[in-house]
Structure formats: C-alpha cells, structure tokens
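I have placed the structure first, in the form of structure tokens, so that the comments after it can refer back to it.
The values are calculated or read from the model by the stated rules, or taken from the named source; none is laboratory data. Owing to the predicted nature of the structure, the values given are computational and were not obtained by experimental measurement. Positions of Cβ are generated from backbone atoms using ideal geometry, with glycine treated the same way; all protein chains shown enter the neighbour counts. For the accessible areas, the whole protein counts, side chains as well, though only heavy atoms, and no ligand, DNA or RNA atoms are used. Shrake-Rupley method; radii C 1.70, N 1.55, O 1.52, S 1.80 Å.
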Amino acid sequence: MTNETPRYEGFNTRAIHAGQAHETVYGAVVPPVHLSTTYAPEAVGQLRHGYDYGRGTNPTRDSLQEQLAALEGGVDGRARAFTFGSGLAAENALIHAVAGPGAHIVMGNDVYGGTYRLINKILGPWGVTHTVVDMADVSAVEQALAAVDASAARILWLETPSNPMMKVSDIAALAEAAHAAGALLVVDNTFATPYLQLPLELGADVVVHSTTKYIGGHSDVIGGAVVVNDPELAEKVKFQQFAAGAVNGPLDAYLTTRGLKTLGVRMDRHNANAATIAQHLQGISGVERVLYPGLPDHPGHELASRQMRGYGGMVSVQFTGGAAAARQVAETTRLFQLAESLGGIESLMNYPAEMTHASVAGTELAVPDNLVRLSVGIEDVADLIDDLDRAIASL
C-alpha cells in the first residue's frame, strides 16, 4: 500500500510521481526496493498496512501498479493495474480470470505470435476456442462475434497498431461491437503505450502490456501488466495474481518503475526517429513497402491520427527481393542489432517470419517472408539512416 498521491493532469508528472511518494523514515525521494518475502503482523490477524506475504502484496510492486494505473487512466481515473512476470503471464492470468472451458476468443489476424500460441496451444486443450478475423473490418468482427454460441464467454482481442503489420483498428467502434455481443474488449497497448493511446477511455474493458518493451524501455527487465476499469473484474485479476502467483519480483518492479518515469520523453524521440526513417525508406530502391501509421498513404493513417497522439517507434519494411533480401538486411546492419523484442532505447532489427512470429508459420497469421520489423531507438537519426542505407545498398 503506497502513500496517496494527488491526481495530476500532466502525463509526465503522473509518470514521475504516481505511487512514488518519498520514503517517510529517511526522506529518500526514490522509494526503496522491498525485497522481503514476508512481513511481521502487529498480532495474529492484524497485518501492518495490509502486507503479509510477497506473492500477494509487495510495496515496490504496488508502487508500480499505482503508477501504471495513473497513466492508463480509464473512466474517472478508476483504473486498477496488476503486474506480472511477463506479458504472456499477464495475458494468461487475464484469460483465466474472465474465461474457462467453452469460452471463445475472437482475435486479429496478425496478433503477436506468442499470444496466438498461448491461446491456441496452451488454452486450446483446456477448452478455449478462437476465431481469427481482420480487426480493421468492423462488420467482419461483428459477424465473427455473432457466430459464437450465445452461452460462451466471449473476448475480443485487439492489437493496434498490430505486430508486425502495423494495422490500425478503431477501438471505439470495436468496443461497441464487443459490448453489443456481450463480449469484453481487450487491447494490447504495448506498441502505443499509454503515452500515445488510452484504450480504456475509448471504451475498452481491459488493457494488456508487455512492460518488457517501451514501458521498461531499456531491454533489461521482463514483465507484463493488466489494467482494468471494472472493480469486479479487478478483483478477479487480483485473485489470479495471488493464487496462481505469476508476479514480477520487487527488483523487476523497481526497474520497470524507473523506466516508466521517462516514457514520455523517450516516446517523443522514438516517434520522431521512426517518422524520419519511414519517410526516408519510401524513396529507396529495393524497398517494396513501408508500413508506418504516420505515413499519409498508410490505410490507417487518419484513424491513427484520431485515436493516438503519435504514431509510435515501430516501422515494418518489405523488400522487392523477397526473403533473401529481408534476411540480408537484417543480418547486415550494425546499429540496428538483430534481436527479439522491441521498445528499448537501442534500435533493433527483427525478421518476424523466423523469429517473433515463427509459431504462426503456415497459418493465416503468417508474416510475409520479405518483411523486417524495426524497433527504432533514440540514437541520432542520421546514424540510423546511414546504417540502413549501407545494408540496403548491399542487396
């Protein structure tokens, strides 16, 4: 339980101060990391400030949860956040909280490969079924929801922008479609972050994050989060967090909090660099297509301009030379390091067809094999462009 912090309007003020009241004994302006696994009560049945055992409650994790909830906002600022050991642990806890055998999930046709694997390979044998649909087509989503048995718990699972095809979907319209069908709308907000997009304020019921990415921001801590508005749903997620125990440890929570404090200033630079690179790549020989919502010719540009405050730091590129060209570029850059993950201060290059999305190869979610995904960092953009130019010139 953290000291109550006034509700400030500015994003960066909330990022720095929500859940971060100074420590009261010594006056430390950075709250300490509470590593203890257990807490001594005043007496039997009389807990000190609600703490008893670290799996259930931990002051450092609670500070992060308060901080993240303050940034995602929600209706009247009533959001509750719960953090976990990874993004997939967060997703798994959420699904167990709201669904069971017989439940059905309608998901986008280019969701993150790990999400698809979780729902298809882990939860499928448990009795959860799924349908894949193009989330940019609201009428197709409505039809998919209508086709689900009325007795089944229903979840509409959305990523926007999507990974790695950078599709932009209408959160408000899909929230209406989901609610009309008695379904929950879950939005994976990892790419956009609460700095650029607030799904709860657009009508979503749940936000999920891989906090490993932009929220942590430094490629040094794994984590995930679930953020909800509804108090009853919050209690269900809280129970899963406690009972199944996939929590993030206190040091991981501290590192995530430290990263989250600078999210706004980092995203400004990620956005600026990505926009410059996307525009530059459009004129390069050998580039077939640049996928970036900030480009005027992107099919989701107008929608992204309405529901986001910026277009993000992710850019996907397809090459006319096919898979061989994409792989060569991915293996030739020097500043853009070939690696999994995204969202760190350093620039990363990914070949999704055989890396992050290998688990969906051969399905309708398969990623084109001529595509690379850029996680554009905060380095000097001229150096990043020079790195890409050198790699593409080698084709």
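Observations
- Rounded percent of accessible protein surface that carbon and sulfur make up, the range 1-159, 1.4 Å probe: 54 percent
- Taking the range 101-252 and dividing mean pair separation by its residue count, relative contact order in percent (alpha carbons under 8 Å, at least six apart): 17 percent
- The accessible-area ordering, largest first, of the residues E346, E91 stands as E346, E91, per a 1.4 angstrom probe.
- Length-normalised contact order for the range 173-307 - Cα pairs under 8 Å, 6+ apart - percent: 16 percent
- Each label was represented as a point 7 Å from its Cα along the Cα-to-Cβ direction; for D297 and D134 these points are 1.9 nm apart.
- Note on surface exposure: Y112, Y53, Y26, Y292 rank Y26, Y53, Y112, Y292 by accessible area, highest first, 1.4 Å probe.
- For the chain, modelled as a GNM whose springs connect Cα atoms under 10 angstrom apart, the maximal fluctuation among G85, G56, G344 occurs at G56.
- In this Cβ point-charge picture (+1 for Lys and Arg, -1 for Asp and Glu), the chain has a dipole of about 600 debye about its Cα centre.
- Normalised by the number of residues in the range 89-154, the average gap of Cα pairs under 8 Å and 6 or more apart makes the relative contact order 42 percent.
- Protein-only accessible surface order, largest first, of Y311, Y214 at 1.4 Å: Y311, Y214
- For the range 290-301, 3J(HN,Hα) computed residue by residue from phi via the Karplus equation (6.51, -1.76, 1.60; θ = phi - 60°) reads 10, 9, 7, x, x, 7, x, 8, 5, x, x, 4 Hz, glycine and proline entered as x.
- The chain: calculated mean residue ellipticity at 222 nm from DSSP helix runs of at least 4, using -39500 (n - 2.57): -10500 deg cm²/dmol
- The range 147-256, dipole about Cα centre (Lys/Arg Cβ +1, Asp/Glu Cβ -1), debye to the nearest 20: 180 debye
- Accessible area per residue for the chain, computed on protein heavy atoms with a 1.4 Å probe, is 41 Å².
- Dipole of the range 247-318 computed with +1 at Lys/Arg Cβ and -1 at Asp/Glu Cβ about the Cα centre; of H298, A275, V265, farthest Cα towards the positive end is V265.
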